[in-house]
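Colleague: Supplied in structure tokens, the structure appears directly below.
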Amino acid sequence: MIYTDTRDSSVKVNFRTAVLNGMNAATGGLYIPVEFPKLDKSFTDRNTDPSFRDVAFEMAKPYVKDEIPDNDLEAIISDCYPFTSQVVPIDPTTYVLELFHGPTCAFKDFGARFMARTMSYFNRGEKDNLHILVATSGDTGSAVGSAFHNVPGIDVTILYPDGKISPLQEKQLSTFTGNVRALKVKGTFDDCQALVKKAFVDKDLREKFRLSSANSINISRLLPQAFYYMYSSIVVKNRIPRDSQIKDPAIIAVCPSGNFGNLTSGLIAKEMGAPITGFVAATNANRTVPDWIATGEYNARPSIATLSNAMDVGAPSNYERIKALYTLEEVRSMFASYWTDDQGTIEGIKKCHEKTGYIIDPHGAVAWKAWNDIRGGEMEKLVKGEKGDYSKPGLTANIPAWADKVVSKEAAAIILETAHPAKFGATVVNAIGREPSMPERLEKVMSLPDNAIPMEKDYDSFKSWLVANL
Ligand SMILES: *Cc1c(COP(=O)(O)O)cnc(C)c1O
């Protein structure tokens, strides 16, 4: 497969280069494959459920063709996914796609593990280690640390702001051993990011070490997230006749979004033939993308802190990919776009629990609330010409191509549940008055010793530490 660049279509690189570079430093653009090959219809139309790993293998194959032979790809995929995504029906037309069954209990495990193993694959035979530097405000660092843990030839240094993340998140970051280390920086997330950025452009360091990033813009994190859209949409398509007897259902993927990587992966799956009719782009008060869809103007802005903090992104990096692949009109026709505030998020957790018994986390709650409002009359109002005010929580005024299917009750939703509710226990208690049960792997991490290394926020201290320790 050839990969090009969102800013310069004359760029042509292979998968290896796209993975190891992360982004194109020359243009500042992001890599995208030149095409999204469709899976065979016999695969997407099948009326038995596929295995997740089979889906992963079939989907990954065209993107690594000529660079990773089939048997190596198979080994990479089984090593990536000893866990899977799970489709949980919570009412006759709503399916929660649980993406938290990986080691760190968030969907980022799907992408980070594939990235780690493909990087390691392409790094074979190099005599020097590849050093990954990653700044994190929470979830990304633990997924990346866990994904690279014990991966040969690569080590990871995680920087996080001391005292500014939750105790559980801190435990998840600071208890690694061996090739993954965490620095607790006396500063903010922005300070951590500034240190990493400076290290990458430091000639002296670059001559001494092979440095790389594990950023969410890496194409090897995006492609594997398309696997679970394909898998779940086939499973849901097969279940709908039993659960709700709808004849020709619209299947809508409702995605709680921050950097819009997850949603972009959904677009890739749809391009490849997944039976997905459309999407709901659901955000918290960081509503840069809903505002763009509403007004046609894109204005990145500083992020606002919310209860669904992994979605607190004011300048979503994958906007650039969506914009390179589709026109605004195409986006308006594929997507409903919706945002809610913290009050709406709490209400989402509470109502979802009351109506279905399912305990959803604050990120998934934004998506569930969007779907519940959409099918509860908000889409019908739009279709009838009642347009809301996009600066207030709710749907933006564009009418997606599938709107009538919602009004006629011929639509089912896949709600992407991106984190385990126990990671946000305090918010969940606040909403429903009880604690979600804690998975064993999260409980375990709470009792491990903290190995984080204290670090000042000035560049010289950071650099001397790198020179002495890499
Ligand atoms: C990262 C994250 C998101 C946002 O995903 P994007 O790909 O950045 O849109 C949503 N929920 C959780 C729990 C996350 O960790």
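Colleague: Any residue at all in region 454-462 that is assigned to a loop (DSSP other than H, G, I, E, B), within 29 Å of the chain's Cα centre (by Cα), in contact (Cβ under 8 Å) with a residue 40 or more places away in the chain and more than 16 Å from the ligand (Cβ to nearest atom)?
Modeller: Yes: one or more hits.
Colleague: When you scan region 254-312, how many residues do you find that are under 19 Å from Gly388 (Cβ atoms), touching a Lys or Arg at 6+ places or on another chain (Cβ under 7 Å) and more than 13 Å from the ligand (Cβ to nearest atom)?
Modeller: So the answer is 1.
Colleague: Taking Ser337 as meeting all but one of (1) surrounded by fewer than 19 Cβ atoms within 10 Å (Cβ to Cβ); (2) under 29 Å from Leu30 (Cα atoms); (3) in contact (Cβ under 8 Å) with a residue 12 or more places away in the chain; (4) of a type in the set (S, T, N, Q), write down the number of the exception.
Modeller: Condition (1) is where Ser337 drops out.
Colleague: Then there's this: Taking the stated definitions as given, is Leu211 modelled with pLDDT under 95, surrounded by fewer than 24 Cβ atoms within 10 Å (Cβ to Cβ), in contact with a helix residue (DSSP H, G or I) (Cβ under 8 Å, 6 or more places away or on another chain) and not in a helix (DSSP H, G or I)?
Modeller: yes
Colleague: Tally up the residues in region 353-370 that are away from the ligand (no atom under 16 Å from the Cβ), in a helix (DSSP H, G or I) and under 26 Å from Val407 (Cβ atoms), please.
Modeller: Residues flagged as away from the ligand (no atom under 16 Å from the Cβ), in a helix (DSSP H, G or I) and under 26 Å from Val407 (Cβ atoms) within region 353-370 amount to 3.
Colleague: Exactly one condition in (1) at pLDDT 95 or above; (2) under 14 Å from Ala214 (Cα atoms); (3) away from the ligand (no atom under 14 Å from the Cβ) is not met by Gly111; state its number.
Modeller: (3)
Colleague: Tell me the residue from Ala397, Ala401, Ala422 that is in contact (Cβ under 8 Å) with a residue 12 or more places away in the chain, of a type in the set (A, V, I, L, M) and under 22 Å from Lys351 (Cβ atoms), please.
Modeller: Going through Ala397, Ala401, Ala422 in turn, the sole match is Ala422.
Colleague: Hey, another quick one. If you check every pair at least six apart or on different chains, which have Cβ atoms under 7 Å apart with a residue in region 151-176 that is part of a loop (DSSP other than H, G, I, E, B) first and a residue that is acidic (Asp, Glu) and surrounded by fewer than 24 Cβ atoms within 10 Å (Cβ to Cβ) second?
Modeller: Hits for this filter: Gly153/Glu126; Thr175/Asp450.
Colleague: Moving on. Kindly provide the set of residues from region 250-288 that are small (Gly, Ala, Ser) and part of a loop (DSSP other than H, G, I, E, B), ordered by number.
Modeller: Answer for region 250-288, where residues must be small (Gly, Ala, Ser) and part of a loop (DSSP other than H, G, I, E, B): Ser257, Gly258, Gly273, Ala274, Ala285.
Colleague: From Phe227, Phe260, which residue is at positive phi, touching a helix residue (DSSP H, G or I) at 6+ places or on another chain (Cβ under 9 Å) and crowded, with 24+ Cβ neighbours inside 10 Å?
Modeller: Just one listed residue meets the conditions, Phe260.
Colleague: Out of the residues in region 430-448 that are aliphatic (A, V, I, L, M) and within 25 Å of the chain's Cα centre (by Cα), which is farthest from the ligand (Cβ to nearest atom)?
Modeller: If we take residues in region 430-448 being aliphatic (A, V, I, L, M) and within 25 Å of the chain's Cα centre (by Cα), then Met446 is farthest from the ligand (Cβ to nearest atom).
Colleague: Which condition number in (1) among the acidic types (Asp, Glu); (2) over 27 Å from His149 (Cα atoms); (3) modelled with pLDDT under 95 is the one that Glu297 fails?
Modeller: (3)
Colleague: Let me ask something else. Mind counting the residues in region 380-427 that are within 16 Å of the ligand (Cβ to nearest atom), out of contact with any His (no Cβ under 6 Å at 6 or more places or on another chain) and assigned to a loop (DSSP other than H, G, I, E, B)?
Modeller: Here the count works out to 1.
Colleague: Okay, moving on. Could you pull out the residue among Lys355, Lys323, Lys369 that is in contact (Cβ under 8 Å) with a residue 12 or more places away in the chain, within 25 Å of the chain's Cα centre (by Cα) and surrounded by fewer than 16 Cβ atoms within 10 Å (Cβ to Cβ)?
Modeller: After ruling out the rest, the residue left standing is Lys323.
The values are calculated or read from the model by the stated rules, or taken from the named source; none is laboratory data. The structure displayed is predicted, hence computed values, not measured ones. All Cβ positions, even for glycine, are placed from backbone atoms using ideal geometry, and neighbour counts span all protein chains on display.
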